[in-house]
1. Scan the chain and note any complete DSSP helix (H) whose C-alpha atoms cover at least 15 Å along its axis and whose Kyte-Doolittle average is -0.5 or more.
2. Scan segment 88-160 for GluC sites (Glu not before Pro) in coil per DSSP, keeping those whose Cβ has at most 15 other Cβ atoms within 10 Å, and list them by number.
3. Using Cα-Cα distances under 8 Å and only pairs 6 or more residues apart, what relative contact order does the chain have, in percent?
4. Taking loop as defined by DSSP and a crowding limit of 15 other beta carbons within 10 Å, which chymotrypsin sites (Phe, Trp or Tyr not before Pro) in segment 133-212 fit?
5. With a cut-off of 8 Å between alpha carbons and a minimum separation of six or more residues, what is the relative contact order of segment 195-276 in percent?
6. Would you mind getting the accessible area per residue of segment 90-129, heavy atoms of the protein chains only, 1.4 Å probe, in Å²?
7. Determine the share of segment 74-156's accessible area contributed by carbon and sulfur atoms, expressed in whole percent, with a 1.4 angstrom probe.
8. Over the chain, what portion of Cα pair distances is larger than 32 Å, expressed as a whole percent?
Amino acid sequence: MEGGAGGVGRTEEVVDRASATLASAMLATLDRDSRALGDGDPLPPLFHWMYCRELAPGRQLDIDGHQKRGDFLPALPFSRRMWAGGRIAFEGSLRIGERIRRRSTVRSVTPKKGRSGPLVLVAVEHRISGNDGEIVEEQDLVFLERPTEPLVLPDVSAPEDEMEWSESVTPNAAVLFRFSALTFNAHRIHYDRDYACDVEMYPDLVVHGPLTALLLADLATRRSGRALRTLTFRARRPMFVDRAITLQGRPSGDGVDLRALDETGAVAMSARAGLA
């Protein structure tokens, strides 16, 4: 572990094997044929989130289920954590069964003033490399004060422009539990309804932002028949268990414009995929 004051420049390195079992389990979670992948096959986009995880012992977890800050991620005055978005570049292919390495670096720690109060934005870079490929990912993590009142989402008009592709999915509690397990994400908002409602003041279990991003990436590759070169996504509002999500996409230039709409028709995540 390296790094300077405030955590900027701090690094972490983890080595893993891209297990075919986990890849098959993710396909099953997405309600796909779990036998479709095996050793040597290219890892589908964003499946790298299952590997090279932080394997913190239980005693090192905070009340929310995340690893306590102060080791890799800096200790901060705010304890509520959100993944606001990211930018990912795919060079070559990581392959199922191969040994992969993740090297992560804290790039910036920036205090800001948001609509609901003060926050800290932490930018983290991950480089995940294999024999013939590398993924370079930049994550935007937001740390906020814990809420004192139930979440009330503003009414937002549904977008009026047409998208060429449109599919609907309704994640249930089993899907959220499986995705949490496969990505070793113990954040309690995704599986502990009492915690999600009573402590973080959500109306129900929260759908993972990364799950929504993975579904949008999957839509882009299936409908276009082409591999991803880049993916940029931004979470705009939370979505909740047992409520319909509409995944939409439209080819544009050398890529695809993507979005996920919540059950009210509001844009909950926007994304842009660059195609190979």
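1. Working: long enough: 209-224 (23 Å, 0.48).
Both cut-offs are met by 209-224.
2. Values: sites: Glu91, Glu98, Glu125, Glu134, Glu137, Glu138, Glu145, Glu160; in loops: Glu98, Glu145, Glu160.
Loop-located and lightly packed - Glu145, Glu160.
3. Values: 604 pairs, mean separation 50.8, N = 276.
Dividing the mean separation by the residue count of the chain yields 18 percent.
4. Details: sites: Phe143, Trp165, Phe177, Phe179, Phe184, Tyr191, Tyr195; in loops: Phe184, Tyr191.
Hits after loop and neighbour filter: Phe184.
5. Normalised by residue count, the contact order of segment 195-276 is 32 percent.
6. Working: 2110 Å² over 40 residues.
The answer is 53 Å² per residue.
7. Values: 2230 of 4460 Å².
After summing per-atom areas, the C and S share lands at 50 percent.
8. Numbers: 8225 of 37950 pairs.
The proportion of pairs with Cα distances above 32 Å equals 22 percent.
The values are calculated or read from the model by the stated rules, or taken from the named source; none is laboratory data. Only a predicted model underlies this, so the values are computations on that prediction, with no experimental measurement involved. With ideal geometry, Cβ positions are generated from the backbone for all residues, glycine too; neighbour counts draw on all protein chains shown. With ligands, DNA and RNA removed, areas are computed over all heavy atoms of the protein, side chains included. Shrake-Rupley method; radii C 1.70, N 1.55, O 1.52, S 1.80 Å.
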